[in-house]
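Since the structure comes first, as structure tokens, the remarks are kept for the end.
The values are calculated or read from the model by the stated rules, or taken from the named source; none is laboratory data. This is a predicted model, so every value here is computed, not measured. Here the Cβ is made from the backbone with ideal geometry for all residues, glycine too, and neighbour counts use every protein chain on show.
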Amino acid sequence: MYVLKCDQDEDHHDRLRKATSAIAKRTAATSSIDKIYELVLKEASRSDTVDEDELERMKDILACILMARAPLSVEALSDLINVTPGRLRGSLARLHSLVYLPADDETPGLRTLHASFGDYLFKRGPQNIRIAVTLGHNILARGCLYRMSRDDLCFNISRGRSSFEPNLETGSDIALSMTYACLHWAHHIDAASDHAAFDEDIGRVIQSKLLFWLEVLSVLGKTGLASGLIRIASSTVSHSTRTQNQKLILQQVVLPAVARFLRDANAFVASSHAAISRSAPHIYISALPFAAKDCLIYQKFSSLFTGLVSIEVLGIDRHGGCLVATLTGHEDGVSSVAYSPDGRLLASGSFDGTVRIWDTQTCEEAIAPLRNNDGRISSVAFSPNGLLIISAERVKQCTHGTLQLAAQLCLRSGVILAGSYL
């Protein structure tokens, strides 16, 4: 309303100029709201009303609310950080002008009311209540792993009745804290301040709960996220051992058990993606029996289940390689693929006239497809700096663009079958 133009109002341009100037220079606009934040926080953290433990709890809760990747209820957040709903509400009671608390404990929607509050709390808040950006991720990462380690993440958590039927609509029967933990644990670990601190917990949870975790993703319709989450977790765990004098010798590099298990878990998910997506019971009756016998997943879990079909391979056994991930999106055959110089992106060109850019860590599309309705892509390549992509087509033209914008450079004649940067 401050900038909104009203009848017979000629000052709205000046107000707009002042507001945008203040934002750009971090002057009056931020200082006024900062004063409000400071007033509320100082009142909520007075030493005569809250002790040191209560203040630390309030900071932890605020950090988690700010870093949560999906809406949480009071009950769900309490479950993740091991605080009773009553204590959580009590910690936020003096912050009702800054934090929205749903009326009941089960309804999602716990959040801060102002978008700028997080930036203030991380950078400009009072010293006694200022928090590190990684604090919320540290707490939620630990909380997600703890939540997944509990007994209710168990066999047939999805309550599947038959492998002949697709997954039932039972996702709502799984606690919100469990679904949040299963969907976001790896992201919080990746953003935490010390990855190595989670190696032991990752190993303990994944090596005992992998199949049950996949059940949750299956029934939620999120099996496609499994490979990306495993790959993120794999990138955070320690991948080598060192001697006591900290000198690393080639012969002494050993892939730790956690990293090897995650590697095989990714191959297991990728090779059985269709079965796991269709029905959670197929994790046990299809995916597990058909896994490679030298796969750590098969060796860990096959002996725990009875009545599994036995698969014997005659003749030439499968080769040592394995499927890492399946990228879906093109509507026609793929003619060419290329990695970016740093290996973080993969470009694929297709006869459907599109170039798609994939994040190699999450196996998801990094940007919207680059489309050309005039021809079939025959070749793609990255520039040496990784910022540009060239695609060759079968319609006498070459498309050359950045990851954000494609611009066509027409050629006079000839059919292009390949293209590359020099």
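Structure values in brief
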| item | result |
| --- | --- |
| Meets criteria (part of a helix (DSSP H, G or I) and either modelled with pLDDT under 95 or surrounded by 15 or more Cβ atoms within 10 Å (Cβ to Cβ) (or both)) for residue 129 | no |
| Check on residue 155, within 18 Å of residue 37 (Cβ to Cβ) and either within 25 Å of the chain's Cα centre (by Cα) or in the same structural domain as residue 179 (by TED's automatic domain parsing) (or both) | no |
| Matching residues in region 39-53 - criterion: being at pLDDT below 85 and β-branched (Val, Ile, Thr) | 49, 50 |
| Pick from region 147-189, criterion assigned to a helix (DSSP H, G or I) and at pLDDT below 70, ranking: nearest to residue 211 (Cα to Cα) | 171 |
| Candidate set: region 46-72, residues that are among the charged types (D, E, K, R) and outside any loop (DSSP other than H, G, I, E, B); chosen: the one nearest to residue 139 (Cα to Cα) | 60 |
| Residue match in region 396-410 (condition: over 30 Å from residue 236 (Cα atoms), at pLDDT 85 or above and part of a strand (DSSP E or B)) | no |
| Flag for residue 77 being modelled with pLDDT under 95, outside the structural domain of residue 182 (by TED's automatic domain parsing) and surrounded by 13 or more Cβ atoms within 10 Å (Cβ to Cβ) | no |
